[in-house]
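Just so it is clear, none of the values below were taken in a lab; they were calculated from the coordinates. Because the structure is predicted, anything quoted here is derived from the model rather than measured. Reconstructed Cβ throughout: ideal geometry from the backbone, glycine too, with neighbour counts over all protein chains shown.
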Amino acid sequence: MLVIPSIDVERGRSRVVFWPGSAVGVGTPTDRPDRIAERLVAEGARVVHIVDLDGARAGEPRNLEVISSIAGRVAVPLQVAGGMEGADAIRLAFASGATRAVVAMGIADRPDLLRECLDVAGDWLAVGLDPRPELLAAFPWRGRPRPASLDDLTADLVAAGVRRFVLSHGASAPDVTALRRLVTSHDAEFVVAGGVTDLEAIARLRDAGIAGVILGEAILSGRIPLGAAIEAAA
């Protein structure tokens, strides 16, 4: 299972300052995303996840120069979320150095747009889903007789050609049993984001067949050392 460090970018800077040695007063803090990515890759990261917070609010990429600067420093895949809401946005991100894109859950109701995004990104397109039933039920689905369940939504998207999903749990702990059922029921790759607070949770997700776990502040703050996370995921 991959451990994928995440950098939330706002106005060109990392929202969380990277200073893993802060507890013992060693190391140099930085909020420059390119330097953070370079350090993370040096520690073993094989993919870096970038969240364009400004892009998420605007509905279009707003930190393309950050993607370019990171791509110039590291030789690993860059996965971008936030503002990736159309084929043109994905093209811009890929031209800047990204190699993977995550689109929002609402694309499940826009089959034409989904097809366009798949034409650009192919198997490197992931759809972000929030698996919490209450949030799925509250989402303003269009053209559906009832709120979509996670299983039905996944089946629809897989049938449309989606092969990757990012399951965002917020601060809620992932339901490992439900995730294991999802993994065994669908021919797709699932990555978990949010709700992972310790090494034991990483190991449980690995055993459930999850392909990757995205860790942001936990890694950047040093609460979960990247090397230990990678070991737990192996």
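How do V120, V80 line up, fewest other C-beta atoms within 10 Å first?
Final ranking by Cβ density, sparse to dense: V120, V80.
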note = In the stretch 94-160, taking the dipole from +1 charges on Lys and Arg beta carbons and -1 charges on Asp and Glu beta carbons about the Cα centre, the listed residue (P147, W124, L157) farthest towards the positive end is P147
inquiry  = Let me spell out the model: positive unit charges on the Cβ of Lys and Arg, negative unit charges on the Cβ of Asp and Glu, origin at the Cα centre of the stretch 1-57. What dipole size does that give, in debye rounded to 20?
reply    = 40
ask   = Once a ≥ b ≥ c are taken as the square roots of the eigenvalues of the Cα gyration tensor of the chain, is the result rounded (a/c under 1.5), prolate (a/b larger than b/c) or oblate (a/b not larger than b/c)?
value = oblate
key: Most mobile of R39, R73, R142 in a GNM of the chain (Cα contacts under 10 Å)   = R142
ask   = Which whole-Hz ³J(HN,Hα) couplings does the stretch 91-105 yield from phi under the Karplus relation 6.51 cos²θ - 1.76 cosθ + 1.60, θ = phi - 60°, glycine and proline marked x?
value = 4, 4, 5, 5, 5, 8, x, 5, 10, 9, 9, 10, 9, 6, 4
query = Taking Cα pairs under 8 Å and at least six residues apart, what relative contact order does the chain come out at, in percent?
reply = 21
